[in-house]
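Quick notes on the structure that follows.
A short reminder: the numbers here are calculations on the coordinates, not readings from a lab. This structure is a prediction, so every number in the text was calculated from the model and none was measured. Glycine gets a Cβ as well: all are built from the backbone with ideal geometry, and neighbour counts include every protein chain shown.
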Amino acid sequence: MSNPTAINPNANEGYHNINLDESIKRLQQARSYQDLSTVWVCPTPQGMISTKVVGTWIGLMRPMNQKVYGPIFVEGKEVGAAYQAAVEMILANPELSTWKYMLTVEEDNCPPPDGLLKLYEGIEKFDCVAGLYWTKGEGGQPMVYGNPKSMPKNFIPQVPQPECLQECNGLGMGFNLFRLEMFKRMPPPWFRTVQEFNGAGARAYTQDLWFFEQAGRQGFRFACDTRIKVGHWDQQHKMMW
């Protein structure tokens, strides 16, 4: 039997009120009381996405009481053309054009359940933040390109720094959160895949580094959140890289 206890009317503030500074810090970090409206886009040239991948998408946590629309699939287009069409559609839509962010998840990328929530945390000081994933194969390279402190500017892959926001010059687009405001301030085309030869020599760009080169010239900043470990699914060999 418990002993009699005198009730202290001044000891019922509750855990979060007692630790008010920490509670406020937690809310500010999660940014859950700001507008996090997000359009989710996925280019799928063949329209074939593995159940291994879709299973992780189903488990992706979304912020409570926030607008997250999608995924919007762009089927049958080359990847650069698909992203270009997606952004044009979003900016032409009276509702979606007022939203804050675009999330890109590619058809072979498997984000962790809390990946999107961490992207929201990381984007406060940046214009695009991505999870960490690698090119496929035993010699895989991290999709974190170029150190902004190095000159001349380049897109040499960086060695990932564990558990941090690692600023860079460019990223892949497997799991990225973009501020939609960027596309309103930059002239199109935003995404273009280039493989050409002219009098100045050969040029080759995938759509991601084409975008980040143009955006970097406008002063936008990018980072990889290395806390967010994103798998890269190889359907042919049934291997997660």
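Some points to look at:
- Proxy reagent accessibility, fewest Cβ within 10 Å first, across ILE58, ILE123, ILE72: ILE58, ILE72, ILE123
- Structural descriptor for the chain: relative contact order 22 percent, calculated from alpha carbon pairs under 8 angstrom and at least 6 residues apart.
- Counting neighbouring Cβ atoms within 10 Å and putting the fewest first, the residues ASP35, ASP234, ASP208 line up as ASP35, ASP234, ASP208.
- Packing-based exposure ordering (other Cβ within 10 Å, fewest first) of CYS42, CYS224, CYS128: CYS42, CYS128, CYS224
- Equivalent ellipsoid semi-axes - Cα gyration tensor, the chain, angstrom: 38, 20, 20
- Highest GNM mean-square fluctuation among GLY80, GLY122, GLY55, for the chain modelled with Cα contacts below 10 Å: GLY55.
- Annotated for the chain: lysine pairs at least 8 residues apart or interchain, Cα distance under 18 Å, count 14.
- Local electrostatic count, PRO71, Cβ distance below 11 Å [Lys/Arg +1, Asp/Glu -1]: -2
- Net charge of neighbours whose Cβ lies under 12 Å from the Cβ of PRO113, counting Lys and Arg as +1 and Asp and Glu as -1: +2
- The chain: angle of helix 20-30 to the longest principal axis, Cα-based, in degrees nearest 10: 20 degrees
- Residues whose placed amide H lies under 5 Å from that of LEU180, excluding near-sequence neighbours: TYR101, MET102
- Toward the positive end of the charge dipole of the chain, with +1 on the Cβ of Lys and Arg and -1 on the Cβ of Asp and Glu, the farthest Cα among PRO94, ASN147, ILE72 is that of ASN147.
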